[in-house]
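J.: So that we are looking at the same thing, I have put the structure below in structure tokens.
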Amino acid sequence: MTDAGTPPADPDGVPGELIRRPFDRSGITDLRHAVAHCAAAAGLAGQALDDFVLVVNELATNAVRHGGGQGRLRLWRADGRIFCEIADRGSGIAAGSASGLDRPPPLSAGGWGLWLAHQLSDHLSVSTSPGGTTVQISAATTTAECGAGPSTSE
Amino acid sequence: MSFAISVRRQDAFTALLLTGELDMATAPHLGEHVDDLLSGGHPRIVVDLHDLTFCDSSGLNAFVQGDRRCTAEGGWLRVTRPRGHVARVLELSGVAEVLAYSGDEA
């Protein structure tokens with residue numbers, strides 16, 4: 001586990017929150033499993049579930065690789081959707097860097113993460129500045145139940 | 001252990017059988033195995049994905065970079081038998097088109 005103590009109270013906290021935790025390179029796999037568990041319990045299944053989990057994984061990987069080595073993840077549900085926000089405190093996405101909208105050439109090494117994230121999510125928004133990058137994704141769910149995930153807060 | 005690699009030497013190539021999940025944490029292990037085979041003079045590698053349950057961009061990078069290193073030594077790296085979401089990621093990315101094992105490799 002990579003949880004570093006109790007996270008501070010956040011005024012943005014919402015009642016449907018499922019996971020709130022920091023992560024780093026060593027915690028990526030556990031984080032992905034926790035998100036998969038909660039997203040499945042929230043009603044995502046099959047390809048939609050696998051796609052959602054891969055997108056979260058890619059965004060968390062980007063945070064570790066380009067965003068200062070660590071990040072914070074928040075997963076919550078609201079209005080029949082499941083939301084995930086991944087934030088880092090890196091130096092932001094430089095203007096002119098790959099948008100992630102064009103598929104890299106098949107034999108390119110690198111550039112896949114953001115492209116896959118765009119490709120496999122039906123909603124993705126990016127907010128970036130020299131103080132860090134925050135990406136939010138969401139997907140429609142079929143039920144509103146989520147059992148206690150391995151890392152639910154509170 | 002969420003990831004394991006077993007090695008099977010065959011006449012025409014070396015097979016690497018991947019089990020588990022290939023991500024940022026485990027992809028370096030694949031790179032190390034490729035390097036070991038190259039330094040042992042075995043630049044033709046088929047990576048069997050039948051028992052791989054997850055592959056992300058780190059995995060794609062490991063396949064592409066592995067093929068580059070094998071090509072530089074006169075060989076190749078190919079992938080075979082992807083299933084489920086692993087097959088979806090390989091096809092979406094286009095990596096399946098260029099690195100799928102066909103049996104016709106020289």
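J.: Among the residues of region A:63-74, write down those that are more than 19 Å from A:ALA34 (Cβ to Cβ) and open to solvent by 70 Å² or more (accessible area, probe 1.4 Å).
T.: A:ARG65, A:HIS66 - these are the residues of region A:63-74 that are more than 19 Å from A:ALA34 (Cβ to Cβ) and open to solvent by 70 Å² or more (accessible area, probe 1.4 Å).
J.: Let me ask you something else. Can you name the residue in region B:1-27 that is closer than 29 Å to A:GLY69 by Cβ and more than 11 Å from every other protein chain (Cβ to nearest Cβ) and is also surrounded by the most Cβ atoms within 10 Å (Cβ to Cβ) among such residues?
T.: B:LEU18
J.: On to the next question. Could you pull out the residue among B:VAL34, B:VAL46, B:VAL79 that is in a strand (DSSP E or B), crowded, with 17+ Cβ neighbours inside 10 Å, more than 8 Å from chain A (Cβ to nearest Cβ) and touching a Lys or Arg at 6+ places or on another chain (Cβ under 8 Å)?
T.: Unique residue meeting the criteria: B:VAL46.
J.: Could you grab me the full set of residues in region A:89-100 that are within 14 Å of chain B (Cβ to nearest Cβ) and either under 15 Å from A:SER125 (Cβ atoms) or open to solvent by 90 Å² or more (accessible area, probe 1.4 Å) (or both)?
T.: The one that is within 14 Å of chain B (Cβ to nearest Cβ) and either under 15 Å from A:SER125 (Cβ atoms) or open to solvent by 90 Å² or more (accessible area, probe 1.4 Å) (or both): A:GLY100.
A quick yes/no check of all residues on (1) more than 14 Å from chain B (Cβ to nearest Cβ); (2) among the polar types (S, T, N, Q); (3) surrounded by fewer than 21 Cβ atoms within 10 Å (Cβ to Cβ); (4) in contact (Cβ under 8 Å) with a residue 40 or more places away in the chain:
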| residue | (1), (2), (3), (4) |
| --- | --- |
| A:VAL35 | no, no, no, yes |
| A:ASN57 | no, yes, no, no |
| A:TRP76 | yes, no, no, yes |
| A:PHE83 | yes, no, yes, yes |
| A:GLY113 | no, no, no, yes |
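J.: Name the residues in region A:101-111 that are more than 7 Å from every other protein chain (Cβ to nearest Cβ) and open to solvent by 40 Å² or more (accessible area, probe 1.4 Å), would you?
T.: A:LEU101, A:ASP102, A:PRO105, A:GLY111
J.: Go through region B:41-82 residue by residue and tally those that are touching a His at 6+ places or on another chain (Cβ under 8 Å) and of a type in the set (A, V, I, L, M).
T.: Summing the residues that are touching a His at 6+ places or on another chain (Cβ under 8 Å) and of a type in the set (A, V, I, L, M) in region B:41-82 gives 0.
J.: Now for a separate question. Kindly establish whether B:GLY94 is on the phi > 0 side of the Ramachandran plot and at the interface with chain A (Cβ under 7 Å from one of its Cβ atoms).
T.: yes
The values are calculated or read from the model by the stated rules, or taken from the named source; none is laboratory data. Computed from a prediction, not measured in an experiment: that's the story for all the values here. Because the Cβ atoms are built from the backbone with ideal geometry, glycine has one as well, and the counts that use them run over all protein chains shown. The area values use the complete protein model at the heavy-atom level, side chains included, leaving out ligands, DNA and RNA. Shrake-Rupley method; radii C 1.70, N 1.55, O 1.52, S 1.80 Å.
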